[in-house]
1. Across all directions of projection, what mean area in square nanometres is found for the Cα convex hull of the stretch 3-129?
2. For the peptides 48-54, 94-100, 70-76, what is the packing order when you average, over each peptide's residues, the other Cβ atoms within 10 Å and list the highest mean first?
3. If you line up the long axis of helix 3-38 against the longest principal axis of the chain, both from Cα atoms, how many degrees apart are they, to the nearest 10?
4. Within the stretch 96-130, which residues have the backbone N less than 15 Å from the label spot 7 Å out from residue 27 along Cα→beta-carbon, could you tell me?
5. Mind checking the full-extension length gain between residue 6 and residue 67? Use 0.36 nm per residue of separation minus the Cα-Cα distance, one decimal, nm.
6. Taking only DSSP H segments of four or more residues, each worth -39500 (n - 2.57), what value at 222 nm results for the chain once the sum is divided by all its residues, to the nearest 500 deg cm²/dmol?
7. What angle do you read, to the nearest 10 degrees and between 0 and 90, between the alpha-carbon axis of helix 85-129 and the longest principal axis of the chain?
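Please treat every number below as a calculation from the coordinates, not as lab data. What you see is a predicted model, and the numbers here were worked out from it, not measured in a lab. Using ideal geometry, Cβ is built from the backbone for each residue, glycine included, and neighbour counts are taken over all protein chains shown.
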């Protein structure tokens, strides 16, 4: 396999791995997220959160993947980029790493959103019981 073929194949493989990681994360957390959101007193807010959850996990992964550039100070042309297989491997690893890092940040943000939703649910239940 030439370096050019390697670049093409593993660029798409890294993209699919990033997308697959995001989809697996979404599917793993979807049921529990919907369970929390279902008991939020405001129907509109719950509907908005449900609709934003999937893009809120998948898009950050793709942003992380696409944020990695193969160009650098010393590798500024296509010929220089494909000349070094170790460089291509490092960039593919960087793409996957950036994608996973963006998923982690997205989960942190969604964690704060769920924490806020739980606070709203608790406040509503306390006000209802008083």
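1. On the way: hull surface 35.1 nm².
Here the figure is 8.8 nm², rounded to one decimal.
2. Working: 48-54: 15.1, 94-100: 19.7, 70-76: 11.4.
In descending order of packing, they fall as 94-100, 48-54, 70-76.
3. 0
4. Within reach of a label on residue 27: no residues.
5. On the way: separation 61, 0.36 × 61 = 21.96 nm, distance 1.98 nm.
That pair, residue 6 and residue 67, stretches by 20.0 nm at full extension.
6. Details: 4 runs with 110 residues, N = 130.
Result for the chain, helices only: -30500 deg cm²/dmol.
7. The helix 85-129 is inclined about 0 degrees to the chain.
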